[in-house]
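Enquirer: Before I ask anything, here is the structure I am working with.
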Amino acid sequence: MGDFFVLALSAGTPFILASLGEIFSQKSGVLNIGIEGMMLIGALAGFSVAHHSGSPWIGLVGGVIAGSLAGLIHGFLSITLMAPQVISGMALTIFGFGITSFLGKPFLGLPATSFETSILGVTPPVIIALALIPLSVFILTKTRFGIHIRAVGEYPEAADSAGVNVSLIRYLCVLIGGGMAGLSGAYLSLAYSPMWREGMTAGRGWIALSLVFFSMRKPIFALLGAIFFGALWILQFKLQGLGFGVSPYLLMMIPYASTILVLSLLSSERIRGRIGVPEALGKPYLR
Amino acid sequence: MKRFVFERRLSTTQEGYLRVTVLSILFSIFLFGVFLLLGGSNPILAYLKILRSAFGSLRGISHTTLRMIPLVFTALAFALPYRAGVWNIGAEGQMYMGAFLATGVALSIQGMPDSLIVPAIIFSGFLAGAIWGAISGILRGLLKVDEIVTTLMMNYIAILWVSYLVTGPWREKGGWGYSHSSLIPKERWIPFITGTEIPVTIVLGVLFAFIIALLLKRSRLGYEIRVVGANPKTAELAGMSSLKTILLVMLVAGGLAGIAGAGEIAGVQHRLRMGFSPGYGFTGIVIAFLSRGNPLVIIPVSFLFAGMIVGGNTLQIVMKLPSGIVEIFQGMTLFCLAGGQFFLEYRMKRRKRWEIFSSSP
C-alpha cells in the first residue's frame, strides 16, 4: 500500500506542479489552456539542458525558464494585446507540440541525465512539488502579492484605482504558470520517465487543467486530486498486468468525467460565489 | 504622459477585418520563413514546394480536397456556436463520437437496403456528434457550467472511448496486432464523386456552409443567434431564450463535427483507428477563427489549410525535415491572428500636445 502511494505520488507530481502554476494564472484572471504545450517545451528544454550541462538540476532550471518563455507568449497576447485567451492557449498547445517534435529529433533515444539520489523513495522534484504547495497557499493567502493577485482577478478596475499594476501582476502569474508547467515537463523527461519522446506528456497537461477546475483553484485540493489522478494513471498499467478486465482507456476517462461532474454539482450561484471563481477570469483589462 | 494611446474603434469594418487578417497571415508566413531559415532550409524553396505539391497537380489537388472535408465540418462546428457567443472547442471529440457510431452502423446493421445504408451511416455520425455537443450545451444553458471546460474535457473522453473500442471489443480479429476495427465492406463506403477519389461528403460540407450562412443572415433564428452572441442581456430582455439558442447551436455544431468523423471513416480511411485524426478538430478552430465565424469564408480557408497539411507533409519528406512543421505553422498563424485581433478593435492614436496635458491623470 505504501509502495502504491509512492507510485501514485510520483505519477501525480506533474499534475501538482502544472496545476499549481495554472492556479496562479487563473486567480489573476488569465485562463491558459496551453499547459500541454508549455509542459512539452519544458520537457524538451529540461532534457537538452541536462544533456549538455551534465546536471539534472540545471536541466530543471532550463525547463522552468523555457516554460516561462512559452507562458510569456500567452501573456503578451492575452494581457498586452487582449487576445481571446482560449485561442491563444490553443495556439500554444499546437505550437508547443510542433516545435518540440521538430527540435527534439536529435534527442530521441538518448539516455537522460537523471537524478541519482532519491529521498524517501521519491526523486527530488517530487519533494520540491510537495514543498511548493504550502508555499503557494502562503503566497496566495498571506502576502501582499497574493492579495493583489486576487484583486486583479476579481475586480481589476478597483485594483487599478487602488494603485495595483494589473498588467504586471498578471504577467507575473502567467510566468509562474509557464514556469511550473515547464518544471512539470522537465520532471517527466528527467525523473519520472527519463528520456525524450515526441508528445511524451501524453495528455497530462489536460488532466492538470481539469484538476484546476476540479480543485476549485485550491492548492490543497489540487494535491489530493493529483494523488487521486496519479493513482488512476498507475492503475491503468497495474490492472493490465494483473489481468483485470478494465481497459486503461476507460480508467483514464475518470479525471475528465469527474471534473465535469464536480463543475455541474457546484454550479449554483451561491456555491460559485463561495468557492471563488475569479470574476474577471478570461477577461482582458484595458486602463 | 503617454504620447501614443490606444483607442477603441467604434466599429469594425469589413475592410478592417480583411486588412488585419491578411497582415496577420503574411506575418505568420514571414515568421515561419525565418524559422525555416534558422533551421537551415531555404524558405522560398520550401514555400514553392508546399504550393506545388498541394495545388500544382491534379493528384495534389485531389489530396488537398480529401483533407479539406473534415476541416470544413469542424470549422463550421466552431463557427456556429462562436456566433452565439459559445466556445465549442470540442469538435475533435464530437468527431470521434461521430466516427464511433458511424462505424458501428456500417459494421453491424443488417437487412437495410444498400441505397439507404450510406445515408444511415452519415446520419448516425451526425446523431452521435450532436448528442456529444448537446451535453455541453445543456450544462451551459441550464447550469451555467463553462462550456470551454466541458467541451475540452469531453474531447478526451471521446478519444479514449474510441481507443477502448479498437483495442477491445471492436478490435479486428487476427489483425496483426494493430489497433483498429475491421474494414467496412466496400459497398458501404461513402461513394466517390464520379471520376475522382473524393467522397461526396465534400458536397455536403459546402452545402452546409451555405445553409448556415443563409440561416445566420436571413432567418429569425439566425438573428437570435447573433443577438445572443453579441449581447446576451439584450436577448433575454427581448424575450429570446438563450438556453434554446445555446442548445441548438451546440446540437448542430456537434452533429457537423460528427459528420466529419463519419465521412473520414466511411469515406476515406474505411476502418476505425486509434487516433485516426491528426487534430482536425483543432485545426478547424484555427480556420473558423481566421474566417471570423463566416461560413462562406470557411470553404476557401479550409482548402488552403488542407493544402498546408499536404504540402507540409511533402516538405518533411522531400527536405528531410523532422516532423512537427505543420503544427508549428498552424500555431504561429493562430498566435498572429489572436494578436492581430487587437488592431481590429483598437487603433493607435497620436495625441496632440494639449490632449496630453488636459487628460493625463
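Values in this text are rule-based calculations from the coordinates and carry no lab data. In this text the structure is predicted, and so the values were computed from the model without any measurement. Positions of Cβ are backbone-derived with ideal geometry, glycine not excepted, and every protein chain shown enters the neighbour counts.
Enquirer: Kindly provide the helix-only [θ] at 222 nm of chain A, computed as the sum of -39,500 (n - 2.57) over DSSP H runs of four or more divided by all residues, to the nearest 500 deg cm²/dmol?
Expert: Mean residue ellipticity at 222 nm (helix-derived): -23000 deg cm²/dmol.
Enquirer: Let me ask another. Which lysines have a Cα less than 18 Å from the Cα of A:Lys105, not counting those fewer than 8 places away in the same chain?
Expert: Of all the lysines, those that pass the test against A:Lys105 - Cα under 18 Å, at least 8 places apart if same chain - are B:Lys320.
Enquirer: While we're on this one: What whole-number value in cubic angstrom gives the convex hull volume per residue for the C-alpha atoms of the protein assembly as shown?
Expert: Numbers: hull volume 117.2 nm³, N = 648.
It is 181 Å³ per residue.
Enquirer: Could you give the nm distance between label points at B:Thr194 and A:Leu250, where each point is 7 Å from its Cα heading toward the beta carbon?
Expert: Distance between the two pseudo-spin positions: 4.9 nm.
Enquirer: Place the peptides B:205-215, B:252-262 in order of packing, highest mean first, counting for every residue the other Cβ atoms within 10 Å and averaging per peptide.
Expert: Per-residue mean Cβ counts within 10 Å order the peptides as B:252-262, B:205-215.
Enquirer: Okay, next question. So which of B:Lys217/B:Lys244; B:Lys144/B:Lys349; A:Lys27/B:Lys349; A:Lys142/B:Lys349; A:Lys27/B:Lys144 end up more than 30 Å apart by C-alpha?
Expert: Going by Cα-Cα distance, B:Lys144/B:Lys349; A:Lys27/B:Lys349; A:Lys142/B:Lys349 fall outside the 30 Å limit.
Enquirer: Give me the extension gain from A:Arg287 to A:Thr80: residue separation times 0.36 nm, minus the current Cα-Cα distance, reported in nm with one decimal.
Expert: Computed gain between A:Arg287 and A:Thr80 is 73.4 nm.
Enquirer: Still on this structure, I have one more. Of B:Ala99, B:Ala120, B:Ile285, which is farthest on the positive side of the dipole of region B:69-294, counting Cα position, with +1 on Lys and Arg Cβ, -1 on Asp and Glu Cβ, and the Cα centre as origin?
Expert: B:Ile285
Enquirer: Can you tell me the FRET efficiency between B:Ser182 and B:Asp114 if r is taken as the Cβ-Cβ distance and R0 is 25 Å, rounded to the nearest 0.05? Let's see the in-between values first.
Expert: Values: r = 19 Å, r/R0 = 0.74.
For R0 = 25 Å, the calculated efficiency reads 0.85.
Enquirer: Excluding A:Leu108 itself, what net charge comes from residues whose Cβ is under 12 Å from its Cβ, given Lys and Arg +1 and Asp and Glu -1? List each step's numbers first, then the result.
Expert: On the way: positive: A:Lys105, A:Arg197; negative: A:Glu198.
Local charge sum for A:Leu108: +1.
Enquirer: Determine the gain in length on full extension of the stretch A:His52-A:Leu239; use 0.36 nm per residue of separation and subtract their C-alpha separation, reporting nm with one decimal. The partial results should precede the final answer.
Expert: Values: separation 187, 0.36 × 187 = 67.32 nm, distance 3.82 nm.
Gain on extension, A:His52 to A:Leu239, equals 63.5 nm.
Enquirer: On to the next question. What is the distance, in nm, between label points placed 7 Å from the Cα along the Cα-to-Cβ direction at B:Glu236 and at B:Lys349?
Expert: The modelled label-to-label distance comes out at 3.2 nm.
Enquirer: A further question follows. Give the distance, in whole Å, between the Cα centre of region B:261-320 and the Cα centre of region B:84-133.
Expert: 18
Enquirer: Report the paramagnetic label zone for A:Ile128: residues of region A:53-81 whose backbone N is under 17 Å from a point 7 Å from Cα along the Cα-to-Cβ axis.
Expert: Answer for region A:53-81: A:53-71.
Enquirer: What's the Kirkwood radius of region B:69-294 in Å, using all Cα pairs?
Expert: Details: mean 1/r = 0.0568 Å⁻¹.
Computed over region B:69-294, the radius equals 17.6 Å.
Enquirer: Only residues of region B:274-308 count here: report those whose backbone N is under 17 Å from the spot 7 Å along Cα→Cβ of B:Tyr47, or say none.
Expert: Backbone N within reach: B:304-305, B:307-308.
Enquirer: For n ≥ 4 DSSP H runs only, could you compute -39500 (n - 2.57) per run for chain B, divide by its residues and tell me the 222 nm figure to the nearest 500?
Expert: One gets -23500 deg cm²/dmol as the mean residue ellipticity at 222 nm.
Enquirer: Something else about it: What residues qualify as long-range amide H neighbours of B:His180, i.e. H under 5 Å apart, gap of 5 or more or another chain, H built at 1.01 Å from N?
Expert: B:Glu172
Enquirer: A further question on this structure: So if I place +1 on the C-beta of Lys and Arg and -1 on the C-beta of Asp and Glu, and nothing else carries charge, what would the dipole magnitude of region B:69-294 be about its Cα centre? I want it in debye, nearest 20.
Expert: Charge dipole, region B:69-294, about its Cα centre: 380 debye, nearest 20.
Enquirer: On to the next question. Counting other beta carbons within 10 Å of each Cβ, put B:His270, A:His52 in order, fewest first.
Expert: A:His52, B:His270
Enquirer: Right, another one. Excluding residues on the same chain fewer than 8 positions from A:Lys238, give the lysines whose Cα lies under 26 Å from its Cα.
Expert: B:Lys173
Enquirer: Can you list the residues of region B:319-348 with backbone N under 20 Å from a point 7 Å past the Cα of B:Gln14, pointing along Cα to Cβ?
Expert: Hits in region B:319-348 for B:Gln14 at 20 Å: B:344-345.
Enquirer: What full-extension length gain, to one decimal in nm, is calculated for B:Leu26 and B:Lys217 as 0.36 nm per residue of separation minus the Cα-Cα distance? Show your work: numbers first, answer last.
Expert: Values: separation 191, 0.36 × 191 = 68.76 nm, distance 2.98 nm.
This chain segment gains 65.8 nm when fully extended.
Enquirer: Using the Karplus curve 6.51 cos²θ - 1.76 cosθ + 1.60 with θ = phi - 60°, what ³J(HN,Hα) values do you get for each residue of region B:42-57, in whole Hz, with x for Gly and Pro?
Expert: Couplings: 7, x, 5, 4, 5, 5, 4, 4, 4, 4, 5, 6, 8, 10, x, 9 Hz.
Enquirer: What's the average, rounded to a whole number, of partner chain beta-carbon atoms within 10 Å of each residue's beta-carbon in A:74-81?
Expert: The shielding value for this peptide is 3.
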